[in-house]
Amino acid sequence: MADDLRAVSIKDRCSAEEWQARVDLAALYRLVALYGWDDMIFTHISARVPGPEHHFLINPYGYFFNEITASSLVKIDLDGNIVEPTEYMINPAGFTIHSAIHAAREDAKFVLHVHTDAGVAVASTKEGLLPISQHALVALPNLAYHDYEGIALDLDERERLVADLGDKNAMMLWNHGTLAVGATAAQCWTQIFFLERACQIQVMASAQGREHLRLAPDHAIETVKQQQAMASGMGAMLAWPGCLRKLDRESPGYDS
């Protein structure tokens, strides 16, 4: 099956803008796999297709993230209809979450959701993400929370999820996992990277006991918040080309 995903390129059958979105989205899938943040076939990343139709791209359900290519991504509309011929199906839970955000947030061109051990562990605590690391302080100003309602198959949940996300670019899904959005793949990746690293650090630090955790002082939390606002995503833009070079070395073929 993996060979089939790589066999036929659709680059000549879509616009240059759509192809770039496909390549960027496939890169996100491969990066998640490369960092060990995938959950076999059970999470999802999506990208808005440039244009007025509000179509978006998502993974073919049943394939591992390190198999995803730009050409294999499935194009669907906001009602979950597959809008181009394909032999693949999509994850219904993926449609629920991603259609909600793409419909409500014009700036959310990319939406990434994972179930990592560390992310789910922190999402299973009463306090959520704590300000105990620089990574956490970077993530916290943009972090929202959403209550667990079961596997995301109920379309009615979309309204509540969007309301909880608000204008934030990252979300902790209680008892479930983490989520990030971005106007670009680079921004989306940087959001999830800092959130996931913060969760990993918190799990490791908490192993010593909650009483040993040192919370960052309030003035430092505010300083990092202001510094992040001033940076305007510069770090994401600088890091993304390096991420693609890493994929070219370690997981080539995503851009086919």
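The values are calculated or read from the model by the stated rules, or taken from the named source; none is laboratory data. All values reported here derive from a predicted model rather than from experimental measurement. Ideal geometry is used to build each Cβ from the backbone, glycine not excepted, and the neighbour counts take in all protein chains shown.
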### Query
Thr86 versus (1) touching a residue at least 24 places away in the same chain (Cβ under 8 Å); (2) touching a strand residue (DSSP E or B) at 6+ places or on another chain (Cβ under 6 Å); (3) within 23 Å of Ala186 (Cα to Cα): which is the lone unmet condition?
(3)
### Residue list for region 102-121, restricted to those being out of contact with any Asp or Glu (no Cβ under 7 Å at 6 or more places or on another chain) and part of a loop (DSSP other than H, G, I, E, B)
Arg105, Glu106, Asp107, Ala108, Lys109
### Query
Any idea which residue in region 129-141 is farthest from the chain's Cα centre (by Cα), counting only those that are surrounded by fewer than 20 Cβ atoms within 10 Å (Cβ to Cβ) and within 14 Å of Gln226 (Cα to Cα)?
Gln134
### Message
Out of everything in region 144-189 that is among the polar types (S, T, N, Q) and surrounded by 24 or more Cβ atoms within 10 Å (Cβ to Cβ), what residue ends up being nearest to Trp37 (Cα to Cα)?
### Response
Thr178
### Task
Kindly indicate whether any position in region 43-54 is of a type in the set (Val, Ile, Thr) and free of Cβ contacts under 8 Å to residues at least 40 places away in the same chain.
yes
### Message
Cβ-Cβ under 6 Å, sequence separation 6+ or interchain: first residue in region 116-128 and closer than 11 Å to Arg197 by Cβ and buried (at least 23 other Cβ atoms within 10 Å of the Cβ), partner of a type in the set (Gly, Ala, Ser) and at pLDDT 95 or above. Which pairs?
### Response
Gly119/Gly177
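For (1) free of Cβ contacts under 8 Å to residues at least 40 places away in the same chain; (2) touching a helix residue (DSSP H, G or I) at 6+ places or on another chain (Cβ under 7 Å); (3) within 26 Å of His113 (Cβ to Cβ); (4) of a type in the set (Asp, Glu), each residue gets a yes or a no:
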position	(1), (2), (3), (4)
Ala198	no, yes, yes, no
Ile201	no, yes, yes, no
Arg210	yes, no, no, no
Asp218	yes, no, no, yes
Lys225	no, yes, yes, no
Gln228	no, yes, yes, no
Gly242	yes, no, yes, no
### Query
So which residues in region 144-159 are of a type outside the set (Asp, Glu) and at pLDDT 95 or above?
Ala144, Tyr145, His146
### Message
Suppose we filter Ser72, Ser99 for residues that are buried (at least 21 other Cβ atoms within 10 Å of the Cβ) and part of a loop (DSSP other than H, G, I, E, B); which single one remains?
### Response
Ser72
### Query
Consider Met204 against the criteria (1) of a type in the set (A, V, I, L, M); (2) at pLDDT 95 or above; (3) surrounded by 15 or more Cβ atoms within 10 Å (Cβ to Cβ): it satisfies all of them except one. Which criterion is unmet?
(3)
